[in-house]
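One structure below.
None of the figures in this text is laboratory data; all of them are computed from the coordinates on show. Owing to the predicted nature of the structure, the values given are computational and were not obtained by experimental measurement. For neighbour counting, all protein chains shown are included, and Cβ atoms are generated from backbone atoms with ideal geometry for every residue, glycine included.
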Amino acid sequence: MQNRSGITLSPGVVPNLKDYEVFRHSFTWQDEQKFLDGLPEQKGFNIAYEALERHAKGKLKDTVALRWILKDKTFKDFTYYDIHKLSSRFANVLTSLGIKKGERVFALTGRIPELYIAALGTLKKTAVFCPLFSVFGPEPIFQRLSKGDAKVLVTTKELFEKKVKQLLDRLPMLQFILLTDEELHVNDKVLSLPRLLEEAYDEFFIPPTDPEDPALLHFTSGTTGIPKGALHVHGAVLMHYITGKYVLDFHEGDIFWCTADPGWVTGTSYGIIAPLVNGITNVVDAEEFDAVRWYSILEDQKVNVWYTAPTAIRRLMRMDIQPKEKYNLEHLRLICSVGEPLHAEAVLWGEKTFGMPILDNWWQTETGGIMIANYLSMKVKPGSMGKPLPGVEAAIAEVTDTEIEIITEPNKQGHLILKKGWPSMFRSYLHDEERYKKSFRGDWYLTGDLAKKDKDGYYWFVGRADDIIKSSGHMVGPFEVENIVMEHPAVAEAAVIGKPEPIIGELVKAFIVLKKGFTADEKMQLDIIGYARKKLGAAVAPKEIAFVNELPKTKSGKILRRLLKARELGLPEGDISTLEQTP
Ligand code: ATP
Ligand code: MG
């Protein structure tokens, strides 16, 4: 069986659309579970065992698990065996510090090897790992450490001095700070991680781990309000494995690059776990976005599968680089995107630029893994999120305070809901049981997103329920409008909000970043409005346009429409702990 790139598919990989449908309905988690070994002396799963130990003790022992790219683009390799040993040392360090099952270990570092070692070591120990973005300021760090009852924090000297030291008085439960780049212990509380690792034994016995044991704590992006702490369990590894295999099309020998930081769920589920569980090589670049650097990493590392986000794709689209002319990208066979809607324009740009469409997929911090996706085997409808993964049941529904009614009519907008029970479903919002309960109605999880399903079963993102605009009796999703505005040749990025207006309810306003070489003037405004009107009709097209240099975004790259709205209306900005500071 071959996919479009001529690569032979491993058994079970979805071969074509028709079979995909059959396969989707005959799928069982139990069957898939057989591909994982489970811990030898017990039933159940431990993420780190599946990701590391079984490979390190098998034929992948000397395969590169983690390739860490340095600033000068040279790299350092860690085999499965290396990471296995180092993470066992880390687990032993936690034992020596008295850390117990379920207690929280946080990391606040850049994408350095210690972060990956700490994550996997914590999972071996059955403590709970919580990675934070190193760019957070002291207050967001404090909020997360205290909400998450952090016992241990892994960080660097610089981040400790600049951001953490000042918080210590307010964090009495934080017992140890492990500095990744300090050779000597500072005091009883602030310790040298290299020294502890050196002294620790490199064999660790993974204790019995139930699939329901907590494993990871992730804070949401804070796009719609105060970030929530979503708790995930070890059983989630089944989802990481399956989505790696089916959506990201991982095959033996593959080189994979996920550009997300582990401070965001994508950077953990797919930047750490999924590639390792599938036994392939995971590339990690510690630097921030840089178009030329990124294209050369794709070339130099012979990346086969690349997982990135719309914000990065839009930035690449703004550049005048034809990567295929300048770089040898013959190894690249799949590009996937997540985090925000991927505009149809971007999908087509991928086709033109790389010779393959960029495949969009949808999921959330709460879902722990990819839920809806465009597969290699499917006809891609640009602008659609694709179809639910085998074993995942999605639906569109009317939702009231107490009930849900599933909408079967195609193309009708409603709430996107998911049937409970996929392995990586979050098991709680930390210290917010009420909110957790409220996100379910019976057997269904309410995602908070609005979408449509077409007659072929493809899902189309409409917007977040919170962002929906009510204009002249129409319900308009920002994405629908942005998608059209983005088609205009001068537009690089767009964000649409509803601005209260006495007669029509809300007026559609678009904030637009222009591509280089275009002038932000009244003529341009009229031109874009005219274009949108032609495509969308006057009721839904933007009535106001503001040109801006940058859109406010979260650190995971999502446009913060609520902030644009608050600023527009002169209201308080709300929680902006995850706001990316633009230069
Ligand atoms: P918060 O819940 O704190 O407001 P957030 O929802 O942005 O933040 P994440 O869990 O990181 O936090 O993001 C998930 C959300 O991102 C989804 O609910 C959806 O709104 C959006 N999203 C992710 N992928 C896609 C996609 N492919 N298409 C459209 N939207 C997407
Ligand atoms: Mg959310």
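Of the residues Trp257, Gly102, Phe511, the one whose Cα sits farthest towards the positive end of the charge dipole of the chain is Phe511 (charges of +1 on Lys and Arg Cβ, -1 on Asp and Glu Cβ, taken about the Cα centre). Label positions at Lys101 and Asp454, each projected 7 Å from the Cα along the C-beta direction, are separated by 4.9 nm.
How big is the antiparallel share of DSSP beta bridges in the chain, given as a percent to the nearest 5? Bridges in the chain are about 60 percent antiparallel. When you restrict to C-alpha pairs under 8 Å that are six or more residues apart and normalise by the size of region 34-188, the relative contact order lands at 18 percent. In this structure the amide hydrogen of Phe547, modeled in the peptide plane, comes within under 5 Å of the amide hydrogens of Ile512, none closer than 5 places in sequence on its chain. Loop-resident GluC sites (Glu not before Pro) (DSSP state other than H, G, I, E or B) in region 254-331 with no more than 14 further Cβ atoms inside 10 Å of their Cβ: Glu287, Glu288, Glu330. Across region 265-329, the relative contact order, built from alpha-carbon pairs under 8 Å that are at least six residues apart, equals 31 percent.
Computed about the Cα centre, the dipole magnitude for region 316-405 is approximately 720 debye when only Lys and Arg (+1) and Asp and Glu (-1) carry charge, each at its Cβ.
Our helix-only sum for the chain, with -39,500 (n - 2.57) per DSSP H run of n ≥ 4 divided by its residues, gives a mean residue ellipticity at 222 nm of -7500 deg cm²/dmol. Helix 80-96 and the longest principal axis of the C-alpha atoms of the chain enclose an angle of approximately 70°. The relative contact order of the chain comes to 12 percent, based on Cα pairs under 8 Å that sit 6 or more residues apart.
Only Lys, Arg, Asp and Glu carry charge here, each on its Cβ (+1 for the first two, -1 for the last two); on that basis region 35-129 has a dipole of about 100 debye about its Cα centre. Estimated at 0.36 nm per residue, the fully extended path between Phe518 and Lys534 surpasses their Cα-Cα distance by 3.6 nm.
Dipole of the chain computed with +1 at Lys/Arg Cβ and -1 at Asp/Glu Cβ about the Cα centre; of Phe426, Thr126, Pro552, farthest Cα towards the positive end is Pro552.
Semi-axis lengths, largest first, of the ellipsoid equivalent to region 280-437 are 34, 19, 14 Å, with √(5λ) applied to each eigenvalue of the Cα gyration tensor. In a reduced charge model with +1 at each Lys and Arg Cβ and -1 at each Asp and Glu Cβ, region 32-453 shows a dipole moment near 280 debye about its Cα centre. Shown here for region 437-531: trypsin sites (Lys or Arg not before Pro) in loop regions (DSSP other than H, G, I, E, B) with at most 12 other Cβ atoms within 10 Å, namely Lys455, Lys516.
Put the Cα centre of region 150-177 next to the Cα centre of region 427-456 and the gap is 34 Å. Taking other C-beta atoms within 10 Å as the exposure proxy, Phe27, Phe204 rank Phe27, Phe204 from fewest upward. Equivalent ellipsoid of region 32-453: semi-axes from √(5λ) of the C-alpha gyration tensor, largest first, are 32, 27, 21 Å. The phi torsions of region 178-192, fed into the Karplus equation with coefficients 6.51, -1.76 and 1.60 and a -60° offset, translate into couplings of 9, 8, 6, 10, 10, 7, 10, 5, 7, 7, 6, 9, 9, 10, 8 Hz, rounded to whole numbers, with Gly and Pro shown as x. Sorted on the mean count of surrounding Cβ atoms within 10 Å across their residues, most packed first, peptides 344-350, 184-190, 214-220 read 214-220, 344-350, 184-190.
Kirkwood radius, region 58-160, all distinct C-alpha pairs, inverse of mean reciprocal distance: 14.5 Å. In order along region 256-271, phi translates into HN-Hα couplings of 10, 10, 10, 7, 6, 7, x, x, 10, 3, 4, x, 9, 4, 10, x Hz, rounded to whole numbers, per the Karplus curve 6.51 cos²θ - 1.76 cosθ + 1.60 with θ = phi - 60° and x for Gly and Pro. For region 468-581, the alpha-carbon radius of gyration amounts to 1.04 times the rule-of-thumb value 2.2 N^0.38 Å expected for a compact globular protein.
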